[in-house]
1. Please list the non-local residues whose amide H lies under 5 Å from the amide H of Leu565, H modeled 1.01 Å from N, same-chain partners needing a gap of 5 or more.
2. Order of Ile225, Ile257 from fewest to most other C-beta atoms within 10 Å?
3. Starting from the Cα gyration tensor of the range 33-279, take the square roots of the eigenvalues, sort them a ≥ b ≥ c, and report rounded, prolate or oblate (rounded when a/c is under 1.5, otherwise prolate if a/b is larger than b/c, else oblate).
4. Take the alpha-carbon centre of the range 259-278, take the same for the range 569-618, and report the distance between them in whole Å.
5. Relative to the longest principal Cα axis of the chain, at what angle does helix 183-200 sit, 0 to 90 degrees, rounded to 10?
6. Sketch the reach of a paramagnetic label on Gln276 as a point 7 Å from Cα along Cα-to-Cβ, and name the residues of the range 36-67 whose backbone nitrogen lies under 18 Å away.
7. Calculate how steeply helix 32-59 sits against the longest principal axis of the alpha-carbon atoms of the chain, using the helix alpha-carbon long axis, and give the answer as 0 to 90 degrees to the nearest 10.
8. Per-residue counts of other Cβ atoms within 10 Å, averaged by peptide: what ranking do you get for 317-328, 38-49, highest first?
Amino acid sequence: MGSMVFEGSRGSIVNLLPVTHSPRDFLRVYIAPLLGIYLFWLYSNKFLGMSISYLSTMARDITIAGTQMNTSYYPMERLALIVGGVILICFLLVQNEIPTLLRGLRRRDSNVISECSSSIFAILCFVLSYFLLTSVLELTPGAQIPFFFFGGAIVAGVLLLQDNLGEILSWSNIRSFRPRENLSALISIGSIVLFAALTLNLSMIPAISQDIPTFLSGVIFLTVIYWGWRISQEGMKPAVQAKRTAALAYLALLPFILYLLLRVLYLQHDPDPVMQNRWEVQFDFMDKVNTFKINPWPMEVVANFDERWLFLKAAIINSARVTLLSIVLCVILGTIVGVTRLSSNKLASTMATVYVEVFRNLPLAVLLFLIATQYGIQAPLFIHETFLFTLEWLPESAREFLGMGQSGGAVFYSNQGIWFVTVGSYQRLVMGLVALALLRAGLRHMDRVEPRFIVTPNTPLEHVRRPFSALGWRIEALVADIFLIVAAVVFIDYLVPFVSTHGGGTEALLAIALIVYALSVTSRVDDDGINSLQIDDSESGLRKRFTIWVAAFAVAAGIAVSKGLSWPEYLKDWDGDGIIDSPGSWDIAEGTGFEITPFFLAMMLGLTLFTASTVAEIVRGSIQALPRGQVEAAISLALNPFQRLRLVIMPQALRSMVPLLNNQFMNVWKNSSLAVIVAYSDIFYVVLVMMNNVGKLIPLFLLLLITYQAGSLAISVVMNWYNSRVTSVKI
């Protein structure tokens, strides 16, 4: 009878197993899951074992005669703050209640705050644990301290998966709590109680205290398997499903997260002095003088004299200027190529297609190498005295009027760089640009009409964003435009000293804050509909506007060159004795012309040509994505091809172009790290040489990481703001 029951039960179990019809199905159904389970067990056990070893070593206090003998020791205050803080942050990120909590605190709404009881409970548990660890409990470093931190992290994962803390902490549920009817709540409460009891009495359970990694790995393993099966059934609400999926990912990644954290902490106090020197996150070495030369502009730094912070600042300026110029040029070139690819002219469209396919598929490193080497080979030698636009046909009086002096032409180029003619005073150039900006503000003021609906600020925040609203709709918009121009002038005035001298950081930050505020003011004025313009697009009106702008550009150009022009002056006689010096001493006189170094030129050309190929595809795809009816409507209005492109196609294509261009602009910033190929002194080049000279790998790597992250975030903020402006008008 017993054998018959056993055979029957075995048969029912076999019937429950999936049926496989091929070796491939057998591998997929049986072998792959078993292998995954085995690998997860090895992963969890291995990482938890190493993490517990690190934590036990760092928590062990060996003080003899007032001297700490354990070089890896961390005070419990720091361990509790760092490790417990990371666990708390993970819990809050998975729970995702912080925005709601902040909104409730800002509005002082108790109902909204009560919705975040789980996050509040986690924060209180962290505070209580910190107090107990540092002031009350004396846990053993070999077993209890690791179990407390790792067990607490696992309990946090269990509570996130149960997702019932809000119900447990509700006063109405507490009064009517019935264990048999609230099994889920009982599991959550039981896990907390069991964790506390095991921590305090761990020494009484040798099976756990002597092999903590195996026990905790088993708990993680069983929890992940069970909840992975529960989530795969998809029997929950979508919001609950998403939260529990995130909690399951946290619990599965917990061994690696804690290992990574504790490994970094351990390396900070590594017993090996060489390893500790590399991983110690201190930046006092940056205050010492730098020992190698770089080629910065406009700020000059001197090797063996200036500190490393100044060299890093000069390198950041170098990377920023080549990135900004490349972004502008790649947008212009990419737009032209992208539109040309759609041309009906087969020759033009084929040439544009060839450009895109060649440069898009060519590695940037190879392109930079080719540009640098070919420029060095093909450009004339410096002593060949090669000028462009020599203007030899001008009479001597005209040359003297232009201030050419002994200059051979407007452009001097060689394998050592290019020198352009430039204005004699950049202050006058800024004055000319300000005059054009004021003219634009005046013309907008003349074209402005009364809006249909006037939005009046009501709250203090709205008054801050529209500080000139009391002046009326017509004057407010004009003053906002003038305020933006003034902010731009102040920004330039404070930015120039910052990028050209060793100081000016505080003033530059204030100037950036001012221009950001001015942009927010003008944006709010536009969003509230105050800038309603009615432009006279009749033939006479366009002719009048064209005449005004031509005259304005002439006046602005006159202001810009009122201090004369600075022509590149080629000097062969440095001491003025009338005898030509040796060719090795020939040079362009300092302060004449505007120099572009071959390193900067190669970097700028490489980034521009490479990125423009992708920008061209973005432009082409965005234009082709527009409905055909938009183009047909523009044709029916008798618009010529250029008007169709400028007034109809491009404004609508921008809505899909801007997010993609944002990615490309950030790629330009990050791709500038390849400047070492052309010997351009960018951030990566300077930090790399410092790593080799100083050996402080981790602090310098952190500086590099923070710098590139800050640059990418700055580009993203600007492009997201512009994207919001582009998409603010509904189509």
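Nothing in this text is a laboratory measurement; each read-out follows from the coordinates by a stated rule. Just so it is clear, the structure is predicted and the values come from calculations on it, not from any experiment. Reconstructed Cβ throughout: ideal geometry from the backbone, glycine too, with neighbour counts over all protein chains shown.
1. Hits under the 5 Å cutoff: Gly424.
2. Final ranking by Cβ density, sparse to dense: Ile225, Ile257.
3. Since a/c reaches 1.5 and a/b is larger than b/c, the shape of the range 33-279 is classed as prolate.
4. 47 Å
5. 90 degrees
6. Backbone N within reach: 54-67.
7. That helix lies at roughly 90 degrees to the long axis.
8. Ranked from most to least packed, the peptides come out as 317-328, 38-49.
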